[in-house]
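What follows is a short report on a single structure.
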Amino acid sequence: MHWSDDEAARYRAKGYWRGETFGRMLRELAEAHGPRPALISPEARWTFRDLDERADRLAAGLGAAGIRPGDRVVVQLPNVPEFHQVCFALFRLGALPVFALPAHRSAEISYFCEFTEATAYICPDAGHRAFAPKTPAFVLGELPEQDPADLPGPDPGDVAFLQLSGGSTGLPKLIPRTHDDYIYSFRASAEICRLRPGSVYLCALPAAHNFPMSSPGVFGALSAGAASVLAPDPSPGTCFPLIERERVTIAALVPPLALLWLDAAAGTTYDLSSLEVLQVGGAKFGQEAAKRVRPELGCLLQQVFGMAEGLVNYTRLDDDEETVLSTQGRPISPDDEIRILDDDGRESDHGHLLTRGPYTIRGYWRADEHNRTAFTDDGFYRTGDIVRRTPSGHLIVEGRAKDQINRGGEKIAGEEVENHLLAHPAVHDASVVAVPDPYLGERACAYLICRGEPPTRAELRAFLRERGIAAFKIPDRFEFVDAFPQTAVGKVSKRHLRERT
Ligand code: AMP
Ligand code: DBH
């Protein structure tokens, strides 16, 4: 499930795919920017040369510990420079990081380890080992470094890593991204965001998420010779002092955090004047909130509508105010093909968004059956998003057709949570849908049909926690009903359930 030879040749000829790998990219960056700061955290300050050398030493150590090219390694780390050291070490080995989020628990981690047949799990502390007891673990602080070895390294067309999809099915899907396609996406993003040596990017969201990784994220910042500040958490209390101390120029947030920052900025004594751009994405940023960014934070707003599967849209820094406030941007690449279909499958400017292009995948990893419906025969990805296209080619996100809850940028697959609920002996049937929320945009509500006396809400929460799922997936509300509304063909109508609330 890859690009055809013809398409690959076209993307190379147009200069999108440059035949570069992550490993070589970092070596060249170290040669060009050696002593400049690359990664900054409250405790550490690594130059480009430090990162390059430490990636080499870790690649050698992991190789000696038995990690081979093509192996999958589940990586679950907080925002620390070692996260990126691990990434580049695995890239240089040709082993594939599988990016888990810090919030993931045993249900997710054990699934990733088993499904990808991972040879190792790199985790924040010894307590996490229990999430994947059968997979050898490496713990942060005890990563095996040794003198660098000569490594053949992967090819630019090879898959570099597996990124996570927010998903809409029972089990999370994995997204194979190649060196060529991903490097193109963040280099082009860095250009759109005008990153340069001297820019300082604040990574406040979890570093493993596609947005702070590549839009332009830490990788985009590195590629431009810019520094990245890794915040241990995204709160104003943590981030505002970092912005002042490191003179941060650009930061990326999801909408609920942007609201929190706006409220906190009013009374802050920290100097935020270095901030030039606040990127907001991952979920729709309401126009009223968008209007507040420039007057209250004193910087430009950039809306970002992206997906780990590929396509990323940005409002441009020189777009007019109306466009920045009311749209979610336009695609990175002139060769991002946008197809919008109405409910009857006719081309339109309003409807289901499909896309194909130089950095959008053609299929999930080892998911042939799902791929038959998630992609068209001619290779377009069905995003599941409902959009409107403006005459300027900007997209406005108007809704969603997929079975997903977007809880302030954290994606929850309805079916995944339903399957966990169905494991409860008192639950006969379950349907998890989004309900509107003024702060998060959406929250998750579980409708349940029970056998006999329904369990209490506290019991259900405890049950799901015990199943080992990430806390953000535990429904905010539980409603007990006798029956679900049905569609004309007899399926559960989630649309009607949503409308009940
Ligand atoms: P994922 O496929 O898990 O990476 O999640 C990507 C999805 O997040 C998109 O398909 C959209 O549904 C949603 N999304 C991302 N950014 C935005 C945005 N700025 N506005 C609305 N929805 C967004
Ligand atoms: O929500 C996302 O997945 C997302 C948002 C903004 C993304 O993957 C991205 C930018 O690259």
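The values are calculated or read from the model by the stated rules, or taken from the named source; none is laboratory data. Small disclaimer: the values here were computed from a predicted structure and weren't measured. We place every Cβ from the backbone using ideal geometry, glycine too, and count neighbours over all the protein chains shown.
Key figures
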| quantity | calculated |
| --- | --- |
| Checking ALA190 against (1) surrounded by fewer than 22 Cβ atoms within 10 Å (Cβ to Cβ); (2) at pLDDT 95 or above, the condition it does not meet | (1) |
| Which numbered condition PRO69 fails, given (1) in a loop (DSSP other than H, G, I, E, B); (2) surrounded by fewer than 21 Cβ atoms within 10 Å (Cβ to Cβ); (3) out of contact with any Gly (no Cβ under 8 Å at 6 or more places or on another chain) | (3) |
| Selection from the stretch 189-231 of residues that are of a type outside the set (A, V, I, L, M, F, W, C) and more than 18 Å from the chain's Cα centre (by Cα) | GLU191, ARG194, ARG196, PRO197, GLY198, SER199, SER223, GLY225 |
| Matching option when the condition is surrounded by 15 or more Cβ atoms within 10 Å (Cβ to Cβ) and more than 16 Å from ligand 2 (Cβ to nearest atom), among ALA283, ALA289 | ALA289 |
| Residue among PHE48, PHE88, PHE83 that is in contact with a His (Cβ under 6 Å, 6 or more places away or on another chain) and under 27 Å from HIS209 (Cβ atoms) | PHE48 |
| Flag if ALA137 is more than 23 Å from the chain's Cα centre (by Cα), farther than 19 Å from GLY167 by Cβ and small (Gly, Ala, Ser) | yes |
| Tally, over the stretch 168-187, of residues that are modelled with pLDDT of 95 or more and not in a helix (DSSP H, G or I) | 6 |
| Residue ranges of strands (runs of 3 or more DSSP E) in the stretch 404-501 with at least 3 members of a type in the set (Val, Ile, Thr) | 427-437 |
| Single unsatisfied condition, LEU272 versus (1) within 12 Å of ligand 1 (Cβ to nearest atom); (2) over 26 Å from ILE386 (Cα atoms) | (1) |
| Tally of residues being at negative phi and touching a residue at least 40 places away in the same chain (Cβ under 8 Å) across the stretch 435-458 | 7 |
| Residue satisfying condition, being surrounded by fewer than 21 Cβ atoms within 10 Å (Cβ to Cβ), under 23 Å from GLY167 (Cβ atoms) and out of contact with any helix residue (DSSP H, G or I) (no Cβ under 6 Å at 6 or more places or on another chain), within set GLU53, GLU142, GLU117 | GLU117 |
| Count of residues meeting criterion [touching a residue at least 12 places away in the same chain (Cβ under 8 Å), hydrophobic (A, V, I, L, M, F, W, C), away from ligand 1 (no atom under 13 Å from the Cβ) and more than 12 Å from LYS473 (Cα to Cα)] in the stretch 398-434 | 4 |
| Test result for SER326, farther than 29 Å from TRP17 by Cα, at pLDDT 95 or above, more than 16 Å from ligand 2 (Cβ to nearest atom) and touching a Ser or Thr at 6+ places or on another chain (Cβ under 7 Å) | no |
